[in-house]
Each structure stands twice: as structure tokens, then as C-alpha cells.
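Student: I'd like to ask you about the structure that follows.
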Amino acid sequence: MTPEEREEFFRRSRELEAEYREFIARAANPLPKIEIPKFSLPVIDTSFIPSIKLITPEISAYLNRYADFKIPDISFPKIEFPEIDYDRIKKITDDNSKYGWTLTGEMGMANYLDDDMVGTSQKEKDDYFYEFYSQDDWAYFNHSKESIVESIEPRWHDLIQECFHSFEADNYKLVIPTLFTIIEGEMSYVFDSHQGSSGLIEKMEKRAGSEESKLKQIALYSVVHSMTDRLFGSLHFSQERNDLINRHRILHGRDEPSHWQKVDALRLINVISSLQFIKEILKEE
């Protein structure tokens with residue numbers, strides 16, 4: 001994809017996202033007010049009816065004539081709801097999350113669920129999401145940052161803000177070990193567990209597998225896959241280093257910081273944002 005094509009894609013994605021949000025807003029509003037035509041029944045003068053036991057056919061026809069009216073037809077507006085292809089969403093989510101790019105609450109579905117990204121390399125995905133977050137003077141990043149600061153567990157509040165400050169000052173290597181620590185702490189809080197990382201991941205897998213809503217499954221699986229594949233996956237330190245950063249290498253002092261890039265810190269911030277999204281999902285239960 002050329003830079004021009006990518007710029008056009010993001011422009012169209014923003015348009016689609018705006019249309020999607022407009023659709024949701026319309027669907028969430030009450031049904032439009034329906035005006036029922038007013039009609040008045042005629043006043044029947046019965047003073048001329050004599051006090052007799054039998055009503056004559058002529059009077060009966062007179063009364064029936066005024067009862068001959070129809071209730072007007074009322075048609076309710078139809079609202080078309082789009083069908084959701086969950087299999088497609090899951091396929092793309094799996095492919096993105098194996099490189100640590102998980103589904104967040106702030107990320108537009110049109111941006112995350114790009115069919116062209118399926119099967120692309122880590123570098124291509126890293127470039128795509130880095131451009132997504134950094135476009136328009138880092139508008140999406142700032143939106144995600146605000147959401148994290150508002151909802152993260154209080155004990156991490158000051159530390160995450162220091163991480164953001166360092167990241168924005170291009171001191172991103174300083175924050176990578178800290179972000180891994182915050183991720184593990186948030187996992188413990190979200191899933192209400194005092195287990196270590198391996199136990200937490202197992203608990204996340206069970207929770208994702210038992211969730212009834214497919215959309216909730218996808219959000220959970222995106223984080224689970226990023227944890228079990230390479231980002232948090234267990235490894236022997238004698239193994240050759242992968243391009244993707246790994247929690248065990250870094251926190252055990254077995255990695256080479258010269259390999260760390262700004263996009264790696266952004267990747268971890270993205271995961272933290274996903275964990276805040278999962279908090280919202282679990283609150284709805």
C-alpha cells in the first residue's frame with residue numbers, strides 16, 4: 001500500500017467511522033413521534049326519539065350512518081441493523097493480536113478490521129498501527145491516553161502518566177519495562193487474581209472461552225492471544241531473539257535494549273487500553 005493509498009484509506013475510514021457513529025446514535029434514539037390524525041365523532045341528537053320500546057328501522061339506519069368511519073392506517077418506520085460477520089472479525093483480530101495489536105474501546109472498527117492487513121508481516125502491522133495512532137498530531141493516541149488515565153487502577157495513576165510523559169519526550173526505552181509491570185498488575189485487577197502471569201493468562205483463556213457474547217469473546221481473545229503468542233509467551237533465554245519484544249526477556253534482564261523501538265512502547269500502551277475496554281465489558285455483566 002503506497003503512502004497515498006494509505007492516506008486515502010484512513011480518510012475513508014474516518015468517514016465510515018463517522019457514518020457508523022451516526023447510525024448508532026440514530027438507533028439509540030426513541031422511535032420518531034407518530035402523529036395520529038384526529039377525528040371527531042358527530043354529536044347525535046336523540047331528543048326526537050320517542051320513548052318507545054322498539055327503535056324503528058329508519059332511526060337505526062340513521063345511527064349506523066354516523067358509526068361508519070375507519071381508523072387510519074399507522075405505519076412505523078423501519079430501522080435496518082447491519083449484520084456482523086463475527087468469523088471475519090475473529091480472523092483479523094487473531095492476526096493483529098499475535099503481534100501485540102489488540103482491540104481497544106477507542107479504536108474504530110473500520111481501522112482495526114482491515115482485511116488487507118491479514119497475513120502481513122510484523123513490520124507492516126507496526127507501521128500501520130503507528131501511523132494510525134500518530135496521524136492528525138497523535139489524535140487517536142491522545143484519546144486512548146485520556147481513557148487509560150481515567151479508568152486505570154489508582155495505584156498506577158501517577159506511574160502511567162510518567163510513562164506517557166517519557167514516551168512523548170521520546171524516552172520510550174525507559175517506559176517499556178514499567179509498562180510490562182503495569183500490564184501484569186492490570187491483568188490481576190481485571191480478573192481478580194493474585195496469581196502470577198502464567199496463572200492469569202490461563203484464567204483469561206478460560207474466561208474468554210466461556211463468554212457468551214461473540215463480540216466480548218473477540219475483545220478477550222485479542223488480549224489472550226497477544227499474551228500467549230510471543231508478547232508474554234514463555235521461552236528459553238537460549239533461544240534466538242524474535243523481533244517482537246517479550247516480557248520474560250525484558251523483566252529478567254535478558255534482552256538487549258538497543259532493539260527496543262518507540263512502536264514497542266506504543267504496542268504496550270495499546271494493550272493497557274484494551275484491558276480498560278475489558279473492564280467496561282465485565283461491568284456490563
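Student: Inspect all residues belonging to the range 162-173 and state whether any of them is over 18 Å from D243 (Cβ atoms), in contact with a helix residue (DSSP H, G or I) (Cβ under 7 Å, 6 or more places away or on another chain), assigned to a helix (DSSP H, G or I) and not aromatic (F, W, Y).
Tutor: Yes, that holds for at least one residue.
Student: Of the residues in the range 106-138, how many are out of contact with any helix residue (DSSP H, G or I) (no Cβ under 6 Å at 6 or more places or on another chain), within 10 Å of N270 (Cβ to Cβ) and either basic (K, R) or outside any loop (DSSP other than H, G, I, E, B) (or both)?
Tutor: 1
Student: Moving on. Could you go through the range 82-97 and let me know if any residue there is free of Cβ contacts under 8 Å to residues at least 12 places away in the same chain, assigned to a helix (DSSP H, G or I) and loosely packed, with under 14 Cβ neighbours inside 10 Å.
Tutor: Yes, because at least one residue in the range 82-97 is free of Cβ contacts under 8 Å to residues at least 12 places away in the same chain, assigned to a helix (DSSP H, G or I) and loosely packed, with under 14 Cβ neighbours inside 10 Å.
Student: Does F232 satisfy the criteria of being among the aromatic types (F, W, Y), open to solvent by 10 Å² or more (accessible area, probe 1.4 Å) and modelled with pLDDT of 75 or more? Talk me through it step by step, then tell me what you get.
Tutor: Values: among the aromatic types (F, W, Y): yes; open to solvent by 10 Å² or more (accessible area, probe 1.4 Å): no; modelled with pLDDT of 75 or more: yes.
So F232 fails the test.
Student: Just one of the numbered conditions (1) in contact (Cβ under 8 Å) with a residue 12 or more places away in the chain; (2) open to solvent by 30 Å² or more (accessible area, probe 1.4 Å); (3) of a type in the set (S, T, Y) is not true of S121; which one?
Tutor: Unmet condition: (1).
Student: Oh, and also: For S134, are the conditions met, namely being buried (at least 16 other Cβ atoms within 10 Å of the Cβ) and among the hydroxyl-bearing types (S, T, Y)?
Tutor: Details: buried (at least 16 other Cβ atoms within 10 Å of the Cβ): no; among the hydroxyl-bearing types (S, T, Y): yes.
Judged against the criteria, S134 is not a match.
Student: Out of everything in the range 182-222 that is open to solvent by 60 Å² or more (accessible area, probe 1.4 Å), closer than 18 Å to E153 by Cβ and part of a helix (DSSP H, G or I), what residue ends up being modelled with the lowest pLDDT?
Tutor: Narrowing the range 182-222 to residues open to solvent by 60 Å² or more (accessible area, probe 1.4 Å): 189, 192, 194-195, 198, 202-203, 205-207, 210, 212, 214-215.
Subset that is closer than 18 Å to E153 by Cβ: 189, 192, 194-195, 203.
When the remaining residues are screened for being part of a helix (DSSP H, G or I), the result is 189, 203.
Working: Y189: 83, K203: 53.
Going through the qualifying residues, I end up with K203.
Student: Moving on. Of the residues L103, L159, only one is on the phi < 0 side of the Ramachandran plot and in a helix (DSSP H, G or I); which? Give the steps one after another, and end with the answer.
Tutor: Details: L103 fails: in a helix (DSSP H, G or I).
It is L159.
Student: Restricting to the range 235-276, give me the number of residues that are open to solvent by less than 50 Å² (accessible area, probe 1.4 Å), hydrophobic (A, V, I, L, M, F, W, C) and not in a loop (DSSP other than H, G, I, E, B).
Tutor: To start, the set of residues in the range 235-276 that are open to solvent by less than 50 Å² (accessible area, probe 1.4 Å) comprises 235, 244-250, 255, 260, 262-276.
Subset that is hydrophobic (A, V, I, L, M, F, W, C): 235, 244-245, 250, 260, 263, 265-266, 268-269, 271-272, 275.
Now drop any that are not not in a loop (DSSP other than H, G, I, E, B), which leaves 250, 263, 265-266, 268-269, 271-272, 275.
The total comes to 9.
The values are calculated or read from the model by the stated rules, or taken from the named source; none is laboratory data. Computed from a predicted model, the values in this text were never measured in an experiment. Please note: Cβ atoms are built from the backbone with ideal geometry, for glycine as well, and neighbour counts cover all protein chains shown. Side chains are part of the model used for accessible areas, which takes the heavy atoms of the whole protein and leaves out ligands, DNA and RNA. Shrake-Rupley method; radii C 1.70, N 1.55, O 1.52, S 1.80 Å.
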